[in-house]
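Down below is the structure, laid out as structure tokens.
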């Protein structure tokens, strides 16, 4: 999985799995607890933004703790200013969920607690996971890239709209596509993250547009397909799987093809 997320950095060093795993576990927990949000309990509560679904735990609080917490920990030596910045972001996001009246205090506290647990586990386990991935056989990695997301999809509880839920299909679809993409990128592309600031900026822009073509194009195409909840979830899974492939493999290949990045071998 030695690839990249936004293409100035390698995902093996800056794991893209943190927000995905956190998002999956948050949706899983919400669909287990099935607890309402403030406006669903008291119609007199007027939220400042529209927010559907269950309330506990707060997804924004949980994700901010895990993602920003990991960023602060990872760059604690080279960018020590990130630690206080992460604290400010985490606190601000948690408070905003209360201010917007979309969560109870218990939702936010639970989200922060779950996010902290994920962060601590990620810090502890990630080095061992990375070493194992580097030594594992490609066929085994590909098999796990398919089987793990599918298992996560089928084992997750449904939400108010049905089973499986849209959020779970989104997360597991991206996870499968990107995981497969990272493997092929590492073997067939091996692009280098080095380059000028202009090249890195262009990677952001070109990469976002490139992925957007698949994401939006399939959304439009699939909108013409009639069907019930299960078919809609299947097509959603496919759309995010393809977007994940574009993220992990096809976009880096485009960068190398059009001179926005070099390969690792060409720099040696």
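Table for the structure above
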{"item": "Length gained when the stretch residue 215-residue 40 is fully extended (0.36 nm per residue, less Cα-Cα span)", "result": "59.8 nm"}
{"item": "Long-range Cα-Cα pairs in segment 51-164 (distance over 20 Å), rounded percent", "result": "58 percent"}
{"item": "Relative contact order of segment 1-135, pairs being alpha-carbon contacts under 8 Å that are 6 or more residues apart, as %", "result": "28 percent"}
{"item": "From the C-alpha gyration tensor of the chain, square roots of 5λ in Å", "result": "32, 24, 18"}
{"item": "The chain - mean residue ellipticity at 222 nm from DSSP helices (-39,500 (n - 2.57) per run, n ≥ 4, rounded to 500)", "result": "-22000 deg cm²/dmol"}
{"item": "In Å, descending, principal axis extents of the Cα set of segment 176-221", "result": "36, 26, 13"}
{"item": "Segment residue 130-residue 205, length gained on full extension (0.36 nm per residue, minus Cα span)", "result": "24.1 nm"}
{"item": "Packing-based order for 64-73, 244-253, using average beta carbon neighbours within 10 Å, highest first", "result": "244-253, 64-73"}
{"item": "Computed lengthening from residue 48 to residue 120, 0.36 nm per intervening residue step minus Cα-Cα distance", "result": "22.6 nm"}
{"item": "Tail beyond 22 Å, pair distance distribution of segment 152-268 (Cα, percent)", "result": "43 percent"}
{"item": "Inter-part distance where segment 113-154 and segment 218-268 are each reduced to a Cα centre, Å", "result": "21 Å"}
{"item": "Rounded FRET efficiency, nearest 0.05, which uses the C-beta distance separating residue 81 from residue 234 and R0 of 41 Å", "result": "0.35"}
{"item": "Using a Förster distance of 25 Å, the FRET efficiency for residue 222-residue 257 (Cβ separation, nearest 0.05)", "result": "0.35"}
{"item": "Pair residue 95, residue 147: separation of 7 Å Cα→Cβ label points (nm)", "result": "4.8 nm"}
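A short reminder: the numbers here are calculations on the coordinates, not readings from a lab. Values in this document were obtained by computation on a predicted structure and should not be read as measured data. In this analysis, Cβ positions are derived from the backbone assuming ideal geometry, glycine residues included, and neighbour counts consider all displayed protein chains.
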